[in-house]
1. Find the residue count for the range 71-95, including only residues that are assigned to a helix (DSSP H, G or I) and either of a type in the set (Ser, Thr, Tyr) or under 23 Å from Cys171 (Cα atoms) (or both).
2. Return a yes/no flag: does the range 246-267 have any residue that is surrounded by 20 or more Cβ atoms within 10 Å (Cβ to Cβ) and in contact with a Leu (Cβ under 7 Å, 6 or more places away or on another chain).
3. Among the residues of the range 169-218, which ones are buried (at least 18 other Cβ atoms within 10 Å of the Cβ) and of a type in the set (Lys, Arg)?
4. In the range 223-278, which residue that is β-branched (Val, Ile, Thr) and in contact with a strand residue (DSSP E or B) (Cβ under 9 Å, 6 or more places away or on another chain) is modelled with the lowest pLDDT?
5. Return yes or no: is Ala68 in a strand (DSSP E or B) and under 30 Å from Val277 (Cα atoms)?
6. In the range 199-243, what residues are in contact with a helix residue (DSSP H, G or I) (Cβ under 7 Å, 6 or more places away or on another chain) and among the acidic types (Asp, Glu)?
7. Which pairs do you get when a residue that is in contact (Cβ under 8 Å) with a residue 40 or more places away in the chain, found in the range 159-174, comes within reach of a residue that is β-branched (Val, Ile, Thr), reach meaning Cβ atoms under 7 angstrom, with the pair 6+ apart or on two chains?
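The values are calculated or read from the model by the stated rules, or taken from the named source; none is laboratory data. Please read these numbers as outputs of a predicted model, since none were measured by experiment. Glycine also receives a Cβ, built like all others from the backbone with ideal geometry; neighbour counts cover every protein chain displayed.
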Amino acid sequence: MTTVGLIGLGNMGIPMAKNLIDAGYGVLGFRRSDASDFEEIGGKLAASPRAVAEEAEIVLCCIPGDDALQDVVSGPQGIATGDCTGTVLAELSTLSSEVKSEQAAALAAKGGIMLDGAISGLPPMVAARTAVFMLSGDEAAYAKTKPVLEALTEKLFFMGPFGAAFKAKLCANMLVAANIAATAETLAFGAMMGLDQVKLIEALRDGAGGSVQFSARAERMAKGDWHKVLASTALLAKDIRLIEKMGGSLGSPMPVLTSVDPFYEQAIEEGYGQLDVAAVYAAFATAAGLPVPGK
């Protein structure tokens, strides 16, 4: 049985692990906190990122922030603390290009290769193998990793040189941020006109303006059901900042994104940062003088 490493056993990592196990792979994972849910589906826990790399030539990484990647690769128990000859690390998180490049160099210095990757989709889409996986970097390393990735998705794309997947994910999350904000704005507008939100959502869901994000979050916005987190407000706000930074460096006009950004930041200031991003509706409702569901 081929063993695949998986670092990051969160909302995306657990369904990835299950799909790999169902496809016949052994999965050796690492998470700092309790990982009983991972073990329950047949995963095996390692004591550190380095321990994962010692048993798996292909390692997938899906983590929340730059600091976590630095720890995974260059930290005291990181992958690059030992020989990495033959190791391919497919880094699937939306992190800064500077940190990814820095850690790719640290891994290369020990003989390993990092692929820049990204996932566009919600956890249920990952579970159903319908999320989009984008990879970029060394083509031979991608070819080596491709059979593993094909166990995770029916929508796999090689985007080109290292960093291209990150850039494509910024484009994807630009649409996500606009879609979620537009959904919140629309529901607030409908409420101010006296429309029944449940009926409105049913009527709009499959119409010309519907979207994945509308289907996933409109009803949750209307009910204030944002405690089960698919992706947090803070996580998307972090990605918005990355997009704006890239856009600023290029001189790219971003009137839509810059107009909705303050609502995400306001939601974080009001305590919704660690709740699902559907909670951005609270900022729109407050601005409109509407009651916030569940408050």
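1. So the count comes out to 2.
2. Within the range 246-267, one or more residues are surrounded by 20 or more Cβ atoms within 10 Å (Cβ to Cβ) and in contact with a Leu (Cβ under 7 Å, 6 or more places away or on another chain).
3. Residues satisfying the conditions are Lys169, Arg217.
4. Among those residues, the one meeting the criterion is Val229.
5. Criteria not met by Ala68.
6. Correct list: Glu219, Asp239.
7. Matching pairs, first to second residue: Lys169/Thr94; Leu170/Ile243; Asn173/Thr94; Asn173/Ile243; Met174/Ile243.
Residues checked against (1) in contact with a strand residue (DSSP E or B) (Cβ under 7 Å, 6 or more places away or on another chain); (2) closer than 16 Å to Lys110 by Cα:
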residue	(1), (2)
Val59	yes, yes
Asp71	no, yes
Ser74	no, yes
Ala80	no, yes
Cys84	no, yes
Leu89	yes, yes
Leu92	yes, no
